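The structure under discussion appears below in the form of structure tokens.
Values quoted throughout were computed directly from the atomic coordinates according to the rules given, and no laboratory measurement underlies them. Everything numeric here is computed off the predicted structure, so don't read it as measured data. Neighbour counts run over all protein chains shown; Cβ positions are idealised from the backbone, glycine included.
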Amino acid sequence: MDPHTGDSIVFESERAGQPAHRGVIEEVLQQQPPRFRVRREDGHESIVTPAAGAARIEQRRQPAEH
């Protein structure tokens, strides 16, 4: 896991049939153990320390250069 500010974080649901929750990493507070300030889709912010396998990072897409 190599998270950066602006990357998306997806929290997998622990219950079958429940959708995953998404957010954007606003700040990387520490690398080990990982700790982030996250703005969730509903606008709320929280500090999270995801457990192993509970979340995945989706890197922010870089704009294409012309």
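Of note:
- Built amide H within the under 5 Å cut-off of ARG60, gap 5+: ASP7, SER8
- Proximity of backbone amide H atoms, modeled 1.01 Å from N, is registered between LEU29 and ARG35, PHE36, ARG37 at under 5 Å, excluding neighbours fewer than 5 places apart on the same chain.
- Additional length obtainable on full extension of the chain from ALA52 to GLN30, 0.36 nm per residue less Cα span: 6.4 nm
- Computed over the chain, the Cα gyration tensor eigenvalues convert (square root of 5λ each) into semi-axes of 20, 15, 12 Å, ordered from largest to smallest.
- The HIS44 and THR5 beta-carbon pair, evaluated with R₀ = 22 Å, returns a calculated FRET efficiency of approximately 0.80.
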